[in-house]
Amino acid sequence: MKLPVPALPPAYIYLPTGSTAVSNPMDLYGYSRCRVYVKAASATSTIDVVVKGAPNENGTYTDELGPDARKSGITGEASFVLQDISRFIRVEVSNFAGSWTVWVVPIHT
């Protein structure tokens, strides 16, 4: 008998600005993988993105979640998958101009 697959939590949408270069913690409800999509409003803009683990309770923020969690010089759009993530993550961006959207989507394994 096949067990039902739990419904995925909603994807998170983060719109970085100069004053919000760090997202709020995103709760991935125990999923161990996620896909991160990054897209610019203009194909000529570039951005650097780092995904870090966030504290589950009262802990400190962890370093980036491995080498795949750091993407530099993204132009236009990109997507990547992170594995072995903590329950909570946050996105930090730098070196960007213009309007960007970052989606974080949990992946059922």
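For the stretch 6-21, give me each residue that is surrounded by fewer than 17 Cβ atoms within 10 Å (Cβ to Cβ) and part of a strand (DSSP E or B).
Of the residues in the stretch 6-21, the ones surrounded by fewer than 17 Cβ atoms within 10 Å (Cβ to Cβ) are 6-11, 13, 15, 17-21.
Once the filter is applied, which keeps residues that are surrounded by fewer than 17 Cβ atoms within 10 Å (Cβ to Cβ) and part of a strand (DSSP E or B), the stretch 6-21 yields ILE13, THR17, THR20.
Any residue in the stretch 71-82 that's under 16 Å from VAL105 (Cα atoms) and small (Gly, Ala, Ser): show its pairings with residues that are open to solvent by 20 Å² or more (accessible area, probe 1.4 Å) and part of a strand (DSSP E or B) at Cβ separation under 9 Å, as long as the two are six or more apart or on different chains.
Partner pairs satisfying both residue conditions: ALA78/TYR37; ALA78/LYS39; ALA78/LYS71; SER79/ARG35; SER79/TYR37; SER79/LYS39; SER79/TRP103.
For the stretch 33-79, which positions are touching a Lys or Arg at 6+ places or on another chain (Cβ under 8 Å), open to solvent by 50 Å² or more (accessible area, probe 1.4 Å) and either at pLDDT 80 or above or not hydroxyl-bearing (Ser, Thr, Tyr) (or both)?
Across the stretch 33-79, the qualifying residues are ASN56, ASP63, GLU64, GLU77, SER79.
Restricting to the stretch 80-94, name every residue that is among the aliphatic types (A, V, I, L, M) and modelled with pLDDT under 85. Let's see the steps before the verdict.
Filtering the stretch 80-94 for residues among the aliphatic types (A, V, I, L, M) gives 81-82, 85, 89, 91, 93.
Listed by number, the list holds a single entry, ILE85.
Considering only residues that are open to solvent by 60 Å² or more (accessible area, probe 1.4 Å) and of a type in the set (A, V, I, L, M, F, W, C), look in the stretch 80-109 and name the one that is nearest to the chain's Cα centre (by Cα). Before you say what the answer is, go through the steps one by one.
Within the stretch 80-109, the first condition is being open to solvent by 60 Å² or more (accessible area, probe 1.4 Å), and the residues that meet it are 83-84, 87, 95, 97, 99, 103, 108-109.
When the remaining residues are screened for being of a type in the set (A, V, I, L, M, F, W, C), the result is 97, 103.
On the way: ALA97: 19, TRP103: 7 Å.
Once the filter is applied, the top-ranked residue is TRP103.
The values are calculated or read from the model by the stated rules, or taken from the named source; none is laboratory data. Only a predicted model underlies this, so the values are computations on that prediction, with no experimental measurement involved. We place every Cβ from the backbone using ideal geometry, glycine too, and count neighbours over all the protein chains shown. Just the protein is used for accessible areas: all its heavy atoms, side chains included, with ligands, DNA and RNA removed. Shrake-Rupley method; radii C 1.70, N 1.55, O 1.52, S 1.80 Å.
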